[in-house]
Amino acid sequence: MQKLIEAISNQGYYIWDDFMSPEQVETLKSCLPDEWNKAKIGRNDDSARIADIRSDKICWLSSDLGEPVQQFLSKMEVIRQAANQAFFLGLFEYEAHFAKYEVGDFYQKHLDCFRGNENRRLTTVFYMNDEWKDEDGGDLVVYDLDDNELLKIKPKAGRLFVFLSEQFPHEVLPTERERFSIAGWFRTNGVKDNLLDIAN
């Protein structure tokens, strides 16, 4: 955890390989749903499905999806507490969803906060894809606010990427095989029913 805190402090992001073991990833994948919702852009009444911007499908996480999901959420709670202690961010809650990218799916470059409502402070992306190869595509490409490319991250199983939500635009390149992740956000308010819908 100390490496994560130091990296966030120094550069604003951290790649945590082997955040979960292969066995833990497999049990978490067993909780993937049969039914998925098409992801949208925006929030609440202003949200819309815009297929030329994003084409993934999502399912919001809740503890009733099974013990592996509860364990994942417990690990996120440890990160929330550590980040609050280190940075005084006032992170109040964590929300997340499974994201499913089928062949050809993508998500264009975006920031994980809405103008005028910057309550999403810290983003997490966790990957569940075994034996991912270069030709499989689906990389997460991360930029700085001046549009310079910083990172290109393979969505390999067990990897967690954590970053400051307001500082790093990012995109998901088209994938050549089915790709699963969990996208999540630590937020500074306590509105439990205010589900946001930015995927990674």
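The values are calculated or read from the model by the stated rules, or taken from the named source; none is laboratory data. Nothing here was measured: the structure is a model prediction, and the numbers come from that model. We place every Cβ from the backbone using ideal geometry, glycine too, and count neighbours over all the protein chains shown.
Among the residues of this structure, PHE126 counts as one that is assigned to a strand (DSSP E or B) and either on the phi > 0 side of the Ramachandran plot or crowded, with 17+ Cβ neighbours inside 10 Å (or both). Counting only residues that are in a loop (DSSP other than H, G, I, E, B), within 22 Å of ILE53 (Cα to Cα) and under 13 Å from the mean Cα position of the chain (by Cα), the range 152-167 holds 2 of them. Looking only at residues of the range 129-151 that are assigned to a strand (DSSP E or B) and within 18 Å of the chain's Cα centre (by Cα), we find that the one that is farthest from ASP105 (Cα to Cα) is LEU150.
Would you say GLU77 is surrounded by fewer than 19 Cβ atoms within 10 Å (Cβ to Cβ), without any contact (Cβ under 8 Å) to a residue 40 or more places away in the chain and outside any loop (DSSP other than H, G, I, E, B)? For GLU77, the condition - surrounded by fewer than 19 Cβ atoms within 10 Å (Cβ to Cβ), without any contact (Cβ under 8 Å) to a residue 40 or more places away in the chain and outside any loop (DSSP other than H, G, I, E, B) - is met. On inspection, ALA99 passes the criterion of being part of a strand (DSSP E or B) and either at pLDDT 95 or above or in contact with a Pro (Cβ under 9 Å, 6 or more places away or on another chain) (or both). Filtering LYS133, LYS156, LYS152 for residues that are at pLDDT 95 or above, surrounded by 14 or more Cβ atoms within 10 Å (Cβ to Cβ) and not aromatic (Phe, Trp, Tyr) leaves a single hit, LYS156.
ASN148 meets all of the listed conditions (1) without any contact (Cβ under 8 Å) to a residue 40 or more places away in the chain; (2) under 16 Å from ILE15 (Cα atoms) but one, namely (2). Filter the range 6-38 down to residues that are assigned to a helix (DSSP H, G or I) and among the hydrophobic types (A, V, I, L, M, F, W, C) and give me whichever is nearest to ASP139 (Cα to Cα). My answer is VAL25.
A single entry from ALA7, ALA39 fulfils the requirement of being touching a strand residue (DSSP E or B) at 6+ places or on another chain (Cβ under 7 Å), within 23 Å of LEU151 (Cβ to Cβ) and modelled with pLDDT of 95 or more: ALA7.
For the subset of the range 47-61 comprising residues that are of a type in the set (D, E, K, R) and in contact with a strand residue (DSSP E or B) (Cβ under 6 Å, 6 or more places away or on another chain), which member is modelled with the highest pLDDT?
Here the residue is LYS57.
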